[in-house]
Amino acid sequence: MVQKIKELYRRHEDIFSYLFFGVLTTVVNYVIYIPCYNLLNLSGGVSNVIAWAVAVAFAFLTNKPFVFKSHDWSAKVVLPELGKFLGCRIGSGVLETLIIILTVDILCWDGNWMKLATNVMVVILNYFGSKLLVFRKK
C-alpha cells in the first residue's frame, strides 16, 4: 500500500506540489483580502486586487523552484517566465475580480465566501496556465 502511494506521488508530483503551494497561495490571498475587506472596509474588488498582487508574488517565488523545478534565476530565464506567469495570472485575476465585483459589490453577496469560492476556480485555472504555458518542459 505504501509503495502504491509513493508511486502515485512520483507520477503526479507536480500536481501534489501545486496543490500544496496552491493552498498556501490561497491562504496568503485570503489573509490579505479579509482585513482589507472586513477591517478597512475596502470594496470587494479593491480588496481582491491588493490580495491578488501579494499572492501572485508568493506564487511565483514558490511555484518556480518547488512545483515546476525551474532553478535557473538568471535574467534570461526569469524574465520570460515572469512575463508569461504574470500574463496567465492577470487573466485569471481579472476574471476573479470581475466575479467579485459582480457578486460582492453589485449583488451584495457575502464577500468572505465568494472570495473563497472564486479562489478554487483560480487555483485550477492557474495550474493549467503555469503547466502548459509558463514552466513547460522544453
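The values are calculated or read from the model by the stated rules, or taken from the named source; none is laboratory data. Treat the numbers as computed from the prediction; the structure is a model and nothing was measured. Every residue, glycine as well, gets a Cβ built from its backbone with ideal geometry; the counts of neighbours run over all protein chains shown. Side chains are part of the model used for accessible areas, which takes the heavy atoms of the whole protein and leaves out ligands, DNA and RNA. Shrake-Rupley method; radii C 1.70, N 1.55, O 1.52, S 1.80 Å.
Quick look at the numbers
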item: Helix-only [θ]222 nm of the chain, DSSP H runs n ≥ 4, -39500 (n - 2.57) each, per residue, nearest 500; result: -24000 deg cm²/dmol
item: Correct option for log10 I(q)/I(0) by the Debye sum over Cα atoms at q = 0.10, 0.14, 0.17 Å⁻¹ [calculated from the coordinates] among (i) -0.41, -0.76, -1.03; (ii) -0.37, -0.66, -0.89; (iii) -0.29, -0.58, -0.86; result: (ii)
item: Long-range lysine pairs (8 or more apart or interchain), the stretch 3-138, Cα under 18 Å; result: 15
item: Debye, to nearest 20: dipole size of the chain, +1 on Lys, Arg Cβ, -1 on Asp, Glu Cβ; result: 760 debye
item: Probe 1.4 Å, protein heavy atoms only - accessible area per residue of the stretch 51-105 in square angstrom; result: 47 Å²
item: Gain in span if fully extended, V27 to V54, counting 0.36 nm per residue against the direct Cα distance; result: 8.6 nm
item: Debye intensity ratio in log₁₀ form over the Cα atoms of the stretch 61-108, taken at each q of 0.20, 0.22 Å⁻¹; result: -0.70, -0.77
item: In sequence order, calculated HN-Hα J values of the stretch 24-32 (Karplus, 6.51, -1.76, 1.60; Hz; x Gly/Pro); result: 4, 5, 5, 4, 4, 4, 5, 5, 7
item: Heavy-atom accessible surface of the stretch 48-115: percent carbon and sulfur, 1.4 Å; result: 79 percent
item: Sequence-separation-based contact order of the chain, relative, with Cα cut under 8 Å and 6+ spacing, percent; result: 27 percent
item: Under the Karplus curve 6.51 cos²θ - 1.76 cosθ + 1.60, θ = phi - 60°, whole-Hz ³J(HN,Hα) for the stretch 35-42, x wherever Gly or Pro sits; result: x, 4, 6, 8, 9, 8, 6, 6
